[in-house]
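One structure is given here, and the rest of the page talks about it.
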Amino acid sequence: MPTSDYPSSVPVGVDTSRASIARVYDAFLNGKDNFEVDREVLARVQSVAPQATDLAWANRDFLIRVCRFLTRSAGIEQFLDLGSGLPTAENTHQVVQRINPDARVMYVDNDPMVLAHGRALLAENDKATIATCDIFQPLEVLKNESVLEHLDFTRPVALLQVGTLHHYLGADAPTLMQTYIDALPAGSFVVISHFFDPQDPREPELSELAANMEDKFIHSPMGSGRFRTRDEIQAMFGDLEMIDPGLVLCDDWWQDGPRMRMLSAVRHCIVGGVGHKP
């Protein structure tokens, strides 16, 4: 898988002249660990979608609800979080260890700034750690010594690709994910959230919005951000059994309480789901 398929994930050091996926995500969440070039990506997307930050908030809220479900309801005790991002509020380990203090979390990233933040954040947590790998090279991750030491692949694992795969621009994302799925033991779960092109003939303006946001992402200093169709995203789960309600808008995946206001158009452009390996 050539690095040109995901230009913004190439390790570049902490380069303030080039946007990074993690720092742009941080900017979308109104964080402080980003630079002007990262905020430029946000500004470009906001020029066609003023509520663009809703993409990041819908994604983060989905992650939190899924982690609670996997820990409390599914009894998962091991998490492989691919492309962990910067330490914004409510990271995976914070959510799951609040429920089960013995839950183990393995973060994987190759952004130098993420690695520095992650190591500092996890310095006193012996059940959560971070490894340096390219998440779009599954065999590199699955053979990594730290990953194999920290997680027991004879027991169920929750693999998280939350807000990551839309930065892989190649056509073989289902093949990439199948490599991960094949390596997981029975009883494991796979979580994916992804930018979404609704392709709903009743609301053509949503596909137009998705196309405009994709154009701004891809032609920004970050260079990635693909809005795929439902079928394209569903294919990344392979033959896994989808947990109800399936692949849906991130905000519709077991929302917390009744919805008191309508979703923005932007929130109709990101979906998420959880698959189970029997």
Residues of the stretch 142-189 being out of contact with any Gly (no Cβ under 7 Å at 6 or more places or on another chain), under 22 Å from Ala74 (Cβ atoms), among the β-branched types (Val, Ile, Thr) and surrounded by fewer than 22 Cβ atoms within 10 Å (Cβ to Cβ), in sequence order, are Val147, Thr154
Going through the stretch 8-28 one residue at a time, which ones are farther than 16 Å from Asp109 by Cβ and either buried (at least 16 other Cβ atoms within 10 Å of the Cβ) or modelled with pLDDT of 80 or more (or both)? Arg18, Ala27, Phe28
Count, please, the residues in the stretch 15-43 that happen to be part of a helix (DSSP H, G or I), closer than 19 Å to Gly163 by Cα and of a type in the set (D, E, K, R). 4
From the set of residues in the stretch 61-112 that are of a type in the set (D, E, K, R) and touching a residue at least 40 places away in the same chain (Cβ under 8 Å), which is nearest to Ile135 (Cα to Cα)? Asp109
Looking only at the stretch 59-91, count how many residues are surrounded by 20 or more Cβ atoms within 10 Å (Cβ to Cβ), part of a loop (DSSP other than H, G, I, E, B) and among the polar types (S, T, N, Q). 2
Which number in (1) at pLDDT below 95; (2) among the acidic types (Asp, Glu); (3) surrounded by fewer than 20 Cβ atoms within 10 Å (Cβ to Cβ); (4) in contact with an Asp or Glu (Cβ under 7 Å, 6 or more places away or on another chain) marks the one condition that Asp5 misses? (4)
Suppose the filter is in contact (Cβ under 8 Å) with a residue 12 or more places away in the chain, surrounded by 20 or more Cβ atoms within 10 Å (Cβ to Cβ) and not in a loop (DSSP other than H, G, I, E, B); does Leu115 pass it? no
Taking the stretch 142-156 and keeping residues in a helix (DSSP H, G or I) and closer than 16 Å to Pro185 by Cβ leaves Leu142, Val147, Leu148, His150
For the structure I just gave you, tell me whether Phe153 is over 16 Å from Ile233 (Cβ atoms) and under 17 Å from the mean Cα position of the chain (by Cα). no
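The values are calculated or read from the model by the stated rules, or taken from the named source; none is laboratory data. Predicted model, so just to flag it, every value in this text is computed and none were measured. Quick reminder, even Gly has a Cβ in these numbers, built from the backbone with ideal geometry, and neighbours come from all protein chains shown.
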